1. Taking the stretch 17-46, which residues are under 13 Å from Ala76 (Cβ atoms) and part of a loop (DSSP other than H, G, I, E, B)?
2. I'd like to verify a number: residues in the stretch 47-73 that are open to solvent by less than 100 Å² (accessible area, probe 1.4 Å) and either hydrophobic (A, V, I, L, M, F, W, C) or touching a residue at least 60 places away in the same chain (Cβ under 8 Å) (or both), how many?
3. For Ser87, which of the numbered conditions (1) modelled with pLDDT under 90; (2) closer than 23 Å to Lys124 by Cα; (3) of a type outside the set (Phe, Trp, Tyr); (4) open to solvent by 50 Å² or more (accessible area, probe 1.4 Å) fails to hold?
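The values are calculated or read from the model by the stated rules, or taken from the named source; none is laboratory data. All of these numbers come straight from a predicted model, not from anything done at the bench. Glycine gets a Cβ as well: all are built from the backbone with ideal geometry, and neighbour counts include every protein chain shown. The area values use the complete protein model at the heavy-atom level, side chains included, leaving out ligands, DNA and RNA. Shrake-Rupley method; radii C 1.70, N 1.55, O 1.52, S 1.80 Å.
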Amino acid sequence: MKQLTKLLLIIAGSISLALGLLGIILPLLPTTPLLLLAAACYVRSSNRLYEWLITNRYFGSYIENYRLGKGIPLKAKIIGVSVLWLSMGYTILFVIPLIIVKLLLACIAMFFSWFILKQKTLHKTERS
């Protein structure tokens with residue numbers, strides 16, 4: 001079971017990494033949260049992949065800036081919260097019929113919006 005969990009975390013981390021890389025180019029994908037998710041998956045499944053990710057010269061700085069408390073770029077915050085509410089809003093309005101589940105999803109969206117917005121905003125002059 002432990003090997004299956006590691007494999008699933010590596011797969012989830014790799015998908016998150018791929019989407020995060022696309023987020024560097026595409027304006028609708030939030031890069032920093034996806035790279036942080038990849039790092040979280042890798043740290044629990046593969047030291048080699050985790051070290052490779054955080055020392056990568058192209059996108060290791062996204063993770064390092066967050067870890068050092070420098071924050072998340074404003075663009076990533078705006079896109080992250082917008083995509084969160086668009087997807088949750090659609091699900092709440094058109095997919096889920098139960099009112100209690102709708103309320104639960106709204107509470108989850110509010111929590112993650114608060115979490116993203118409370119993070120320090122990284123300004124261009126602070127980036128490493």
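1. Hits for the stretch 17-46 are Leu26, Pro27, Leu28, Leu29, Pro30.
2. 9
3. Single failed check for Ser87: (2).
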